[in-house]
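Peer 1: Structure provided below as C-alpha cells; questions to follow.
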Amino acid sequence: MKMEHIERPELLIIGGGPAGLSAAIVASNHGVRTLLVDEGVKLGGQLVKQTHKFFGDEEFYASKRGFEIADILVDEVKRSPNVLTLTQTSVIGIYEDAVGVYDRTKEKVFSILPGYILVAAGASERFLSFPGNDLPGIYGAGAVQTLVNQYGVLPGKRFLIVGSGNIGLILAYQLYQAGADVVAIVEITDRIGGYEVHAAKVKRLGIPVLTNHTLVRAIGQERVRGAVIAKVDEHYSPIPSTERELVVDVICLAVGLVPSVELVMQAGAELIYVNELGGYVPRRDFRMRTTVDNLFVAGDLAGIEEATTAMIEGKIAALTIVEELRNLDLSEEIERLQKKLSIFRSGPTSEKVRRGLEKMGIHYEGVSFQNVKQTPGLEHKLKPVIECFQPIPCNPCETSCPTGAIVVGDNINNPPKIDYEKCTGCGICAISCPGLAIFMIQEDYTGNRSLIGVPYEFLPLPQKGDVVLALDRDGNIVSNAVVEKVIKSKNLTNLVYISIDRDLAHSVRQIVMPESKPASYVCRCEDVTVEDVMRAIDAGFTDYEELRRYLRIGMGPCGGRTCSSLALNLLTRKTGRSPYELRPQISRPPIFPVPFASLKGGEEDEG
Amino acid sequence: MRDKSIVIIGGGIIGASIAYHLAIMGAKNVVLFEKNYVSSGATGRCGGGIRQQWSARGNVRLAMRSVRKFETFKQELGWDIEYRQGGYLLLAYTEEEAESFENNVKMQREEGLHVEILTPESIKRRFPYVNTTGVLLGTFCPTDGHANPHLANFAYIQRARELGVEVYTHTEVTVVETSSNRVTGIQTKRGYLKCDVLVNASGAWSKDVANMAGSDLPTESYRHQILVTEPVENFMTPLIMSFSKNFYIRQTLHGSFLMGQGDPDEKPGINYRTTLRFEKEIATKLTTVLPFLRNMRIVRHWSGHYNMSPDAQPIIGRDRNVENLFHAVGFSGHGFMLAPAVGEALAEMILTGKTSHIDLSDFDMNRFERKLVKEKNVV
C-alpha cells in the first residue's frame, strides 16, 4: 500500500511551502492519494524562517507569524490520512518516462509515476555581478534568513544589505533582533522598494537606507572584509568620487527572486517572460493549469508574490485536480477562492502582479489603478496618460493646458480628470507636471508599434534615431526603443518620444541610454566574467544558446541558476533585444548534481 | 562555377565546414541558412569523439582524411577547439566481437592506420582505472581523439563569415522551388533567393529538405541521449567505447566526463526529452567498467538525434533526381568527426566536379540499390 502510494500517487506535490501544503490538505480532504516531497529537513518552505507577523485575511492566518502558520499547516497535513510526506527528498527531473526523485538520506534515486503533478517549488535568489562576488561572506538574503531564523547561526557580525525590497527590509530587522550590526541597506533606485511600514521599522532602528546607492565591489582576499559603495548617476552607474568603504563581514544580496521553473520547463510547459512576475514563468490559466494537461503550478513559481496568495493558488489547483479525478463540481468553492484572490490583488501594492497576470490574459480589477485602457477608441490619437493617483495639492496640469481639457477642480487635492475630446495632444501638461507623472501615448503609431512621450531630465539628451533602453515603472529594462523626436523645454523637463512594441505601451515609462560598466563574474562555476560575455557578444555570439555553448555559461553544477539570468541581462543591455524575444536557458535534468552511485541499479532496481 | 549562387541548408558542423571550404576555394556567392542557432542540432549535442577505427573501408578513409585536417585545424583556422589525440580504446566482450575487431584492424592497417591490439593485461597496465572484467581484447588507435564540437562549429562559421559567406540564423528555408529537375530558388521569411546549387546539410531534417526539393532520402532520425559530469582533473586520455556493451565515454579537456549509449527501442522522430531509465542504465553499466565514476556527480543530461542511413554510412554527393542538389547527410552519429573531410570533398565536387582526397562514390545515394555493406562499429 505504502509503496504504491509513493510510486503511483494520484497527485504528486513538489514543494512543501504554503502553496504545496494548502493543496495537500485540500486534496487529502477529498480522498486523493497525495504524495508531497520537499527537499528541506522541515516542511513549511519559506514560512519557517519568517518571524514577522503577516498581513491579510483571517482565513489565511493574518497577524500570525510565518513559522506559526507553517506549524498549523504542517500539523494539518500530518493529520491528513491521504497525504504521505517525504522530506529531504528532491525531485531531480521530470523525465519522459518518470519523475526522478533523490532521497538525500539514503542517497538513492527512485522513480515516481504520478497521475497529476503540482509544482510549487518556489523561487531562487537573484545574483549580481560585481568584483569579488565569488568571495565567501556573500549570501543571498534568503540564505541568511534560513541560517539565522531557522538554524540560529549568525554568519557574521557586520552586515551590508543590497536591495530595499521587503526581503531586504525584513532581514535587516531580523538581523538587528539577532544582535548583529546592519551597517546599511543600499538601494540603487531613488525609492525604497518594500512596504512603507517595513521601511519605517528599520529606519526607527537607525539603520540607514541609502537610496541612489550601489555596491561597487567586495573587499577581501580569502573572505569578505568590507565593501565599497557609491552613489549612482541617472544611468545607475557609480559616481567614483562618492565611493566609500564600509567595514562588513557579510554582504547580503536581496535583489529579488526568480521563479524556479526548471521542472515545469522539463515537463514541456510553455514559459513566457513576465517581468512583473519575476521573469520567465509558466503560462497558466485561472485554475493554475499549465499548457501541459496534468501539470499545475502554485506559489512563487507561478509569479513572485506572497504566502497568502500562494495558499489560495495551491487550493485552487488542488480543487481543480480533485474535480477531474473524482468527476465532481467544485466550482462554487473555487469561485469563492477566486474572489478572495481578486480582493487581495485589488490593492495598489498588487498593481505589479495585476499587470503581470494581465499579460497572461488573467485579469484582476484594481480598485484605484487608473489605466489608459479606460480610453478605448482613442488608440490612434496622441494623448496624455495621467498616472497621478494620490490626492496631493497640485494643479499645474490644469493650469498649463491650453484647451482646458484637464480639470482638477475646486479642491486642489482632487486627482486630475481629462476630457480627451478637448485634448490636442500638445504635451504641455507632461512637461509641466512636477511629479513627472504624465506620459504621452499613441497606441497605434506605425505597424505594431506605439509612440510614447517620456519626461526626461538627464544629460545628454538622446537624439532622434538613437536606440535607447526602455524601462518599466520599476526600472526594469523591458525592451529597446527608437527615439522618434525630442522636444526640448525651457523648464528643463524635456519630452522624449520613443517608439516601442505595442504590447509594451502600458509598461514603458522611462528610458536610459545604453551603456554598461561591467566587471566580475557572471558564471562562478565556470569562471566566466562580464568581460568574457561582452567580448563574445562583440564577436557575434548574440544568441543566448550560442553564447552559452561558446563560454560554458550555465554548464556548471548550478545548472545556470545564477548565471543564466545575468547573462541574458547582459545580452539585453548590449544588444537592446528584450527578454521577450530571448529564450530562457533550457532546463536539463538533473536540476542539481546527483552521484552515479545513487542511480546505479541495486536491490530494488533491475537497472 | 565560383560565381554561382550556392545555398546551404544547415548551420551545424557539416554545413559550416562546407561553407568554409567553398569560400576558401574561392566561391563568391555562398549563403547559409540555419533555422535555429549555430550548433543547435546534433553538433551541439554530440560526444565530440574523432575516430578512425571503422569496419567499412570508406569510413576509414574519410575519417583518416578528417584527422589530418583536425591536426592542422588550429593552424589553418586560428581557433583552438580543444582537440586532443588521446586515442580510442575499443573493448571487445564477446568472441564474435573480438574476431571482427581483428579483421577490422587488418583492413585499417592496409589503409595505413596505426592500430594496436591490446590484451586485457596490457589495457590494465596502460589504463589502470579500467575494470577489464569480461574484456577479451581491446584495440587502440593513438591518433583517434576528440575536440569541442561547439568551438569547431563556431570556428567554421566565423571563418566562413570572414571569407564572405552570408550566414542567417533563425531563418528556416520553407520552400524549395524547382523546375524540370533543377532547384531554381528558395524561400525564407526574409524573402526569396535564386540559387544555382542547393546543399542539404540539415542533419536530423535531411529527409524533409530532400522532399521539399522534390527528391527523397532513405534516412530516419533517432533520439540519442547523453550526459555529462562535473569537471575533475584531467586523467583519462582515451575515449573508451564498446559496441556489445553499448556505451562510449570520454573526458573533455575541461575535465568533465561525457557519455552515452544507444537505445534499440527508440522510435524514429524528433524528441528532445530525456528518460530517467537512461541515467539508471548508464550509471549501472559504467560504474562497473570505470568504478571511479561512483563518486562523481551528473550535472546535465540531454538529447540529440542521429540521422541514420540504411547502412549507417553517410550520404554525400549529388542527388539522383534533382541535378543541382547535393547532400551531406545520414551521418548516423558520426558527422562531427567527419566534417572537415566532408566539407572539403563536397566543396571540391561542387566547384570542380571531382575530389582530390576522397572517393565519394562510396557514399553515393545510388548505393542503396546495390548490396549494402553495413557499418557495424556504431553505438
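The values are calculated or read from the model by the stated rules, or taken from the named source; none is laboratory data. Source: prediction; values computed, not measured. Reconstructed Cβ throughout: ideal geometry from the backbone, glycine too, with neighbour counts over all protein chains shown. These area figures cover heavy atoms from the full protein model, side chains too; ligands, DNA and RNA do not enter into them. Shrake-Rupley method; radii C 1.70, N 1.55, O 1.52, S 1.80 Å.
Peer 1: Using a 7 Å offset from the Cα along the Cα-to-Cβ direction at both A:Asp97 and A:Asn414, what is the distance between the two label points in nm, to one decimal?
Peer 2: In this crude label model, A:Asp97 to A:Asn414 measures out at 7.2 nm.
Peer 1: With a 1.4 Å probe and all protein chains left in place, how much of the accessible area of chain B comes from carbon and sulfur atoms, in whole percent?
Peer 2: With neighbouring chains kept in place, the figure for chain B is 48 percent.
Peer 1: Projecting each Cα onto the charge dipole of segment A:382-512 (Lys/Arg +1, Asp/Glu -1 at the beta carbon, about the Cα centre), which of A:Ile477, A:Ile511, A:Pro416 comes out farthest on the positive side?
Peer 2: Value: A:Ile511.
Peer 1: Grab the beta carbon distance between A:Glu222 and A:Lys574, set R0 = 35 Å, and tell me the FRET efficiency rounded to 0.05. Provide the component values of the computation, followed by the final result.
Peer 2: Numbers: r = 33 Å, r/R0 = 0.95.
So, using R0 = 35 Å, E works out to roughly 0.60.
Peer 1: Let me ask another. So what is the relative contact order of segment A:521-575, in percent, for Cα pairs below 8 Å that sit 6 or more residues apart?
Peer 2: After rounding, I find 41 percent.
Peer 1: Once you have a ≥ b ≥ c as the square roots of the Cα gyration tensor eigenvalues for segment B:307-379, tell me rounded if a/c is under 1.5, and otherwise prolate or oblate according to whether a/b is larger than b/c.
Peer 2: oblate
Peer 1: So which lysines can A:Lys422 reach, going by Cα to Cα under 17 Å and dropping same-chain residues fewer than 8 places off?
Peer 2: A:Lys381, A:Lys383
Peer 1: Please report, for the Cα atoms of segment B:1-87, the Rg to one decimal and the Dmax as a whole number; what are they, in angstrom?
Peer 2: Reported Rg and Dmax, both Å: 14.7, 42.
Peer 1: Can I ask one more? Grab every C-alpha pair in segment A:138-255, bin the distances at 5 angstrom width from 0 up to the longest one, and report whole percents.
Peer 2: Histogramming segment A:138-255 at 5 Å steps yields 2, 13, 24, 25, 21, 11, 4, 1, 0 percent.
Peer 1: In segment B:181-265, which chymotrypsin sites (Phe, Trp or Tyr not before Pro) fall in coil by DSSP and have 10 or fewer other Cβ atoms within 10 Å? Before the final figure, lay out each step's value.
Peer 2: On the way: sites: B:Tyr192, B:Trp205, B:Tyr222, B:Phe235, B:Phe243, B:Phe247, B:Tyr248, B:Phe257; in loops: B:Phe235, B:Phe243.
Taking segment B:181-265 and a limit of 10 other Cβ atoms within 10 Å, the loop chymotrypsin sites (Phe, Trp or Tyr not before Pro) found are B:Phe235.
Peer 1: Heavy-atom accessible area per residue, chain B, 1.4 Å probe: how many Å²?
Peer 2: 37 Å²
Peer 1: Something else: Per residue of B:286-297, what is the mean number of Cβ atoms on other protein chains within 10 angstrom of that residue's Cβ?
Peer 2: Taking all residues of B:286-297 together, the mean is 3.
Peer 1: Can I ask one more? Could you state the angle between the C-alpha long axis of helix B:149-162 and the longest principal axis of the C-alpha atoms of chain B, as a value from 0 to 90 degrees rounded to the nearest 10?
Peer 2: 30 degrees
Peer 1: If you line up the long axis of helix A:166-177 against the longest principal axis of chain A, both from Cα atoms, how many degrees apart are they, to the nearest 10?
Peer 2: 70 degrees
Peer 1: At 1.4 Å probe size, what's the solvent-accessible area of B:Phe363? Round to the nearest 10 Å².
Peer 2: 0 Å²
Peer 1: Please work out, to two decimal places, the log10 of the ratio I(q)/I(0) at q = 0.11, 0.13 Å⁻¹ from a Debye calculation in which every Cα of chain B carries one identical scatterer.
Peer 2: Values returned for q = 0.11, 0.13 Å⁻¹ are -0.74, -1.02.
Peer 1: A further question on this structure: Probe radius 1.4 Å, ligands and nucleic acids left out: which of B:Lys371, A:Lys106, A:Lys64 has the largest accessible area, and how do the rest follow?
Peer 2: B:Lys371, A:Lys106, A:Lys64
Peer 1: Quick one: which of A:Lys42/A:Lys78; A:Lys106/B:Lys124; B:Lys74/B:Lys189 span more than 24 angstrom between C-alpha atoms?
Peer 2: Where the Cα-Cα span goes over 24 Å, the pairs concerned are A:Lys106/B:Lys124; B:Lys74/B:Lys189.
Peer 1: State, as an integer percentage, the relative contact order of chain A based on alpha-carbon contacts under 8 Å between residues 6 or more apart.
Peer 2: Values: 1322 pairs, mean separation 70.3, N = 607.
RCO, chain A: 12 percent.
Peer 1: Once you have a ≥ b ≥ c as the square roots of the Cα gyration tensor eigenvalues for the protein assembly as shown, tell me rounded if a/c is under 1.5, and otherwise prolate or oblate according to whether a/b is larger than b/c.
Peer 2: It comes out prolate by the Cα gyration axes.
Peer 1: For segment B:242-379, what is the convex hull (Cα atoms) projected area averaged across all directions, in square nanometres?
Peer 2: Averaged projected area of segment B:242-379's Cα convex hull equals 10.9 nm².
Peer 1: Also, I was wondering about something else. Can you send over the solvent-accessible area of A:Tyr176, 1.4 Å probe, protein chains only, in Å² to the nearest 10?
Peer 2: 110 Å²
Peer 1: Take every DSSP beta bridge with both residues inside the protein assembly as shown and express the antiparallel ones as a percent of the total, to the nearest 5.
Peer 2: 70 percent
Peer 1: In what order, largest first, do A:Lys352, B:Lys74, A:Lys383 sit by accessible area if the probe radius is 1.4 Å?
Peer 2: If we order A:Lys352, B:Lys74, A:Lys383 from most to least accessible, we get B:Lys74, A:Lys352, A:Lys383.
Peer 1: Label points 7 Å out from Cα along the Cβ direction at B:Arg273 and A:Glu234: separation in nm?
Peer 2: So the label points at B:Arg273 and A:Glu234 sit 5.3 nm apart.
Peer 1: For segment A:382-512, take the convex hull of the Cα atoms, compute a quarter of its surface area, and give me that in nm², please. Don't jump to the answer; show the numbers that get you there.
Peer 2: Numbers: hull surface 31.3 nm².
Orientation-averaged projected area of the Cα hull: 7.8 nm².
Peer 1: What is the Å³ per residue value for the convex hull set by the Cα atoms of segment B:151-277?
Peer 2: Spread over its residues, the Cα hull of segment B:151-277 gives 175 Å³ apiece.
Peer 1: Tell me the mean residue ellipticity at 222 nm calculated for chain A from its helices only (DSSP H runs of n ≥ 4, each -39500 (n - 2.57), averaged over every residue, nearest 500).
Peer 2: -7000 deg cm²/dmol
Peer 1: Right, here's the next one. Which of the lysines could a cross-linker span from A:Lys231 if the Cα-Cα distance has to be under 21 Å and same-chain partners fewer than 8 positions apart are dropped?
Peer 2: A:Lys203, A:Lys517
Peer 1: Also: Just for the Cα atoms in segment A:521-575, what are the lengths along the principal axes, largest first, rounded to whole Å?
Peer 2: Cα extents, longest axis first: 27, 18, 17 Å.
Peer 1: How much length, in nm to one decimal, is gained on full extension between B:Ser244 and B:Lys106, taken as 0.36 nm per residue of separation minus their Cα-Cα distance?
Peer 2: Full extension of this stretch gives 47.7 nm more.
Peer 1: Evaluate the distance, in nm, between pseudo-label points positioned 7 Å from the Cα of A:Ser489 and of A:Ile586 along their respective Cα→Cβ axes.
Peer 2: 5.0 nm
Peer 1: Which of rounded, prolate, oblate describes segment A:218-269, given a ≥ b ≥ c as roots of the alpha-carbon gyration tensor eigenvalues and a/c under 1.5 marking rounded, otherwise prolate only if a/b is larger than b/c? It would help to have the intermediate numbers written out before the result.
Peer 2: Values: a/c = 4.30, a/b = 1.87, b/c = 2.30.
Oblate, because a/c is 1.5 or more while a/b does not exceed b/c.
Peer 1: Still on this structure, I have one more. Taking R0 as 41 Å, what FRET efficiency do you get between B:His357 and B:Phe292 from their Cβ-Cβ distance, rounded to the nearest 0.05? Please list the in-between numbers first.
Peer 2: Values: r = 40 Å, r/R0 = 0.98.
After rounding, the FRET efficiency stands at 0.50.
Peer 1: Express in nm, to one decimal, how much length is gained between A:Thr242 and A:Asn448 on full extension, taking 0.36 nm for each residue of separation and deducting their alpha carbon distance. Kindly include the intermediate steps, with their values, before the conclusion.
Peer 2: Details: separation 206, 0.36 × 206 = 74.16 nm, distance 4.36 nm.
Separation in residues times 0.36 nm, less the Cα-Cα distance, equals 69.8 nm.
Peer 1: Tell me the net charge near B:His146. Cut-off is 10 Å between Cβ atoms, B:His146 excluded, with +1 for each Lys or Arg and -1 for each Asp or Glu.
Peer 2: +1
Peer 1: Can I ask one more? Keeping all protein chains in the complex and leaving out DNA, RNA and ligands, what accessible area do you get for B:Thr184 with a 1.4 Å probe, in Å² to the nearest 10?
Peer 2: Taking all protein chains as shown, B:Thr184 has close to 40 Å².
Peer 1: Which whole-number value in Å³ per residue fits the convex hull of the alpha carbons of segment B:300-341?
Peer 2: Numbers: hull volume 4.3 nm³, N = 42.
Given the Cα convex hull of segment B:300-341, per-residue volume reads 102 Å³.
Peer 1: What does the extension gain come out to for A:Asp527 and A:Thr291, with contour length at 0.36 nm per residue minus their alpha carbon separation?
Peer 2: Here the answer is 81.3 nm.
Peer 1: Let me ask you something else. Which residue, chosen from B:Val379, A:Pro136, B:Phe363, occupies the Cα position most advanced towards the positive end of the dipole of the protein assembly as shown, where the dipole is computed from +1 (Lys, Arg) and -1 (Asp, Glu) charges on Cβ about the Cα centre?
Peer 2: The residue sitting farthest along the positive end of the dipole is A:Pro136.
Peer 1: Now for a separate question. Could you tell me which GluC sites (Glu not before Pro) in segment A:188-261 are loop residues by DSSP with no more than 16 other beta carbons within 10 angstrom of their beta carbon?
Peer 2: A:Glu222, A:Glu234, A:Glu243
Peer 1: Please list the three semi-axes, largest first and in whole Å, of the ellipsoid equivalent to segment A:248-378, using sqrt of 5 times the eigenvalues of its alpha carbon gyration tensor.
Peer 2: For segment A:248-378, the ellipsoid semi-axes come out as 25, 22, 15 Å.
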